[in-house]
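Note sheet for the following structure.
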Amino acid sequence: MSKVFSNIKSGVVWSFLQIFASKFSTIIGQLLLAYILNPEDFGKVSIATSIIYIISLFQNIGISDILISRGKYFSIYTQSARSISLVTGFICLTVTLICGKVSEFIYHDQDVSNFIYLSCISIFFNTLSNIPESELKKQLKFKKLSILKSIENLSTQIFIVLFAYIGFKSYSFIYSSIIISIFHFFYIHKIAKYSYFFEIKFKYWKSLIHNSIWGLIFNITQTLIRQVDYLILGVFSTQKAVGLYFMAYTLSTQTISLVINIINPILFPIFKSSSQLTTKERNNNIIELSEVFSFIGFTFSISQVYILPPIIDLFLEEKWFNSIEITQILLWGMGFKIASTLWTLIYKVNSDFIKLGKVSLISSIIFTLIITFSSYKFGNIGTAYGVSFYNVISSYVFLYVAFSNNNITSKKILFSITRDFLQCSFFFIVVNYVIRYFNFDNKYVIILLNITTTLVVLFSFTLTYKKNIIVTKIKNRIKNKIK
């Protein structure tokens, strides 16, 4: 047990440092780009990026998770997996070129098509980098991965801003991704001690592909959920409207994805590589982690409803002010998304990729229908409402279905989600009512008061709902010292 939590602690620390640095550099980059580029430029990038993300799903087809789930047999499947990744790399390259041509007829914008054409380079190199990266995850080399990703994310933002400043405008996004993907390919192979050359072997391809298909379906459907809102909005609205939504979504998810990405990526390889945990212990750990995600997620998301508007007002130009309402709408649903983020882990640790794929497929169809209706009727405001509505409903459904299918009691966590949402909402609504009542006009004071409230809420939640854990640890330490 102690080794498991030691690995989790190590992974959390390095993931936190990496993601914090990444999100900080991304936010600074977004603010700088907001001065250099126009909403129309962001609109083009968001549409093209959404298509590129969907294509890039095929660069993995779920093999990384399958390899990690094989545990100590990882090395047996390595060469077959690398051979499959080489084939999928060329498939992705071909699909990218086809999608670039199709996009010309749908969006009637040559820039969007050019972005997609150029992205085939980065997608190809990223495809070939998947297996070495899985090797490092399997070995729990979170420090190396975190340092590498931090350098890459910072470099990406620097290149984007630099290229945009020089005059490449929206093309700066794709040029930077090409440079970083090539660097990533060579460096990840070096630190994983993999050869740059491929030994073609397909001996275990059937075993890998069988579960990988459902892993691929999961990856495709989850990426559709993350990207299809841009694509649908791009069909019904102007590029300016898409650009405003893109800015709002980016700002509303930066800090929140920090919370999600700290723990979520490290848990699967840690749980899978440990034989010390019983099923009951593992399930209890997942429930406790879900509760932590719930109260932290709601605290951050609802606090940003009141913190981000004055930040946008202070640091962005007037052309972005229409994104404030969209940002707030999205943030009300983000806490629910964080609270339910571990539903996928339950299926993965049990190697139940078929159920994982089926649940995700159904949810993506429902999400697409919701976004299509709301975007068609109400534009980017409707898109934001549709996303938040989906996040609220799906959080309860995902956790209930995942927990029930694996004989885990879901009542406790579902109650925690409702309780945390209501209590966080109450705290911040009261504080901001007081701010309005006393006519605080200073934006910096408003930001400071809401940040202070965030810290108070986190502290009170920690004492109230995690008191038993904290007190138990303190008592044990005192007893050990006395002895």
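Computed from the coordinates by the stated procedures, all read-outs in this text should not be read as laboratory data. Quick caveat: nothing in here was measured; it's all calculated off a predicted structure. As a convention, Cβ positions derive from the backbone with ideal geometry for all residues, glycine included, and neighbour counts pool all protein chains shown.
Worth pointing out:
- For region 292-449, the relative contact order works out to 33 percent when only alpha carbon pairs closer than 8 Å and six or more residues apart are counted.
- Cross-linked pairs Lys149/Lys169; Lys240/Lys319; Lys137/Lys348; Lys355/Lys411; Lys348/Lys411: Cα-Cα separations exceed 19 Å for Lys149/Lys169; Lys355/Lys411; Lys348/Lys411.
- FRET E, pair Leu32, Leu422, Förster distance 41 Å, beta-carbon r, rounded to 0.05: 0.60
- Simple spin-label estimate for Lys358 and Lys190 in nanometres, 7 Å along Cα-Cβ: 4.7
- Rel. contact order, % - alpha carbon contacts under 8 angstrom, at least six apart, region 285-339: 58
- Rounded to 0.05, the FRET efficiency of the His108 and Leu314 pair, given R0 = 30 Å and the Cβ-Cβ distance, is 0.20.
- Potential lengthening between Tyr53 and Leu448 on full extension [0.36 nm per residue; Cα-Cα distance subtracted]: 138.5 nm
- Among the GluC sites (Glu not before Pro) in region 276-341, those located in a DSSP loop and surrounded by at most 16 other Cβ atoms within 10 Å of their own Cβ are Glu317.
- Residue-by-residue Karplus 3J(HN,Hα) for region 424-430, coefficients 6.51, -1.76, 1.60, Hz, glycine and proline x: 5, 4, 4, 4, 6, 5, 5
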